[in-house]
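Right, one structure below, let's go through it.
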Amino acid sequence: MKITFCCTDTKSGPWIEGLRAALPDAEVSVWQPGDPQADYALVWAPPQQFMDEQPGLKAMFNLGAGVDGLLRLKLPAGAAVVRIEDAGMAVQMAEYVCQAVVRHFREIDVYEAEMARGEWTFHKPRVRRDFPVGVMGLGVLGQRVARALAHFEFPVNGWSRSPRQLEGISTYSGEQGFGEFLGASRVLVNLLPLTPETRDILNADTFSRLRPGAYVINVARGAHLVEQDLIDQIDAGHLAGATLDVFRTEPLPADHALRHHPRIRLTPHTSARTLREDSLAQMVAKLQALARGESLSGVVEGSRGY
């Protein structure tokens, strides 16, 4: 088994050491232009040259959950694309989204601003049933987030392309269910994969169908969000604010309008990071399954984009 590692802006040493320790009979190396053909690859933001020089790959394992960047390349015809399923990211995402929802619900920003001004004020407690949370995308991460929010006793709605059933979650699906889902939600959490169909889905029309005073949380991809539409809807009073972890341009420019809006909270694409040990264990198990001729979960359907 020959495995090559081609990951932009990633320290290769710990990954290579982990693979060699777990698969002592495999030949593992960091890809260099002109290298011989490998059987399998671990990739993150690889160049097109890598794809062109590795036409015989059987499978590529993407180091992150999102595969939209990889699918924009011309891939080897016979290579399966396998994404990470959780590998420690689901619990991180649940933590991040829950803190953002609770922070907004409990008006923590308001209290912090008042304390900074020397004020000591109490606000009437909000009622959870008035803050139904809608989770767009019910894959591994979305399901974990929805269940975590339900644990805090928020009403939770979920929307996905195809029908899903989750205990304790009101689920909607398809284009027909999208409007009803939005109308039932006051907090909107985006965990959709980025595809041609979902690009720009967080737009003025989507926001207008949310309940007045809605709050938006985007932890999926920056290209899901029409940034000016978000700003306009907040300034118009229909949206209460937003928490954003992903952006069309990363790093976000210092002079970007999102950086200076008082009701938008920003973090630098850190809601869920790839955990090396967990990811390696998952990839090694899948490599071993492939060697035994077994089928895998997490294989990307190119026609769907995830």
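The values are calculated or read from the model by the stated rules, or taken from the named source; none is laboratory data. Everything numeric in this text was worked out from a predicted model, so none of it was measured. Glycine also receives a Cβ, built like all others from the backbone with ideal geometry; neighbour counts cover every protein chain displayed. Note: accessible area is taken over every heavy atom of the protein model, side chains too, but ligands, DNA and RNA are not part of it. Shrake-Rupley method; radii C 1.70, N 1.55, O 1.52, S 1.80 Å.
Could you list all residues from region 246-262 that are part of a loop (DSSP other than H, G, I, E, B) and open to solvent by 70 Å² or more (accessible area, probe 1.4 Å)?
Of everything in region 246-262, those that are part of a loop (DSSP other than H, G, I, E, B) and open to solvent by 70 Å² or more (accessible area, probe 1.4 Å) turn out to be R248, T249, E250, P251, A254, D255, P262.
Of the residues that make up region 177-194, is at least one outside any loop (DSSP other than H, G, I, E, B), among the β-branched types (V, I, T) and surrounded by fewer than 22 Cβ atoms within 10 Å (Cβ to Cβ)?
no
If you check every pair at least six apart or on different chains, which have Cβ atoms under 9 Å apart with a residue in region 250-261 that is free of Cβ contacts under 8 Å to residues at least 60 places away in the same chain first and a residue that is open to solvent by 80 Å² or more (accessible area, probe 1.4 Å) second?
Once the first residue is free of Cβ contacts under 8 Å to residues at least 60 places away in the same chain and sits in region 250-261, its partners that are open to solvent by 80 Å² or more (accessible area, probe 1.4 Å) give E250/P268; P251/P268; L252/R259; L252/P268; P253/R259; A257/Q228; H261/D235.
Return yes when E180 is farther than 19 Å from N203 by Cα, acidic (D, E) and either touching a Pro at 6+ places or on another chain (Cβ under 9 Å) or modelled with pLDDT of 95 or more (or both) and no when it is not.
No, not satisfied.
Of the residues that sit in region 123-148 and are surrounded by 24 or more Cβ atoms within 10 Å (Cβ to Cβ) and hydrophobic (A, V, I, L, M, F, W, C), which one is farthest from R211 (Cα to Cα)?
L141
Filter region 208-222 down to the residues that are hydrophobic (A, V, I, L, M, F, W, C) and within 15 Å of L244 (Cα to Cα), then identify the one that is surrounded by the most Cβ atoms within 10 Å (Cβ to Cβ).
A220
Give V135, V81, V127 a once-over and let me know the one that is modelled with pLDDT of 95 or more, of a type in the set (V, I, T) and over 30 Å from H151 (Cα atoms).
Of the residues listed, the single one that is modelled with pLDDT of 95 or more, of a type in the set (V, I, T) and over 30 Å from H151 (Cα atoms) is V81.
What residue, of R273, R265, is assigned to a strand (DSSP E or B), open to solvent by 40 Å² or more (accessible area, probe 1.4 Å) and on the phi < 0 side of the Ramachandran plot?
It is R265.
Does region 155-168 contain any residue that is aliphatic (A, V, I, L, M) and either closer than 18 Å to Y306 by Cα or in a loop (DSSP other than H, G, I, E, B) (or both)?
yes
Within the set of pairs 6 or more residues apart or between chains, which connect a residue that is modelled with pLDDT of 90 or more inside region 268-283 to a residue that is of a type in the set (D, E, K, R) and surrounded by fewer than 19 Cβ atoms within 10 Å (Cβ to Cβ) with Cβ atoms less than 8 Å apart?
These pairs meet every condition: P268/E250; H269/E250; Q282/E85.
I need the strands (runs of 3 or more DSSP E) fully contained in region 1-105, keeping only those with at least 3 residues that are among the polar types (S, T, N, Q) and either open to solvent by less than 60 Å² (accessible area, probe 1.4 Å) or out of contact with any Leu (no Cβ under 6 Å at 6 or more places or on another chain) (or both).
none
Given the conditions (1) in a strand (DSSP E or B); (2) on the phi > 0 side of the Ramachandran plot, which single one is not true for T243?
(2)
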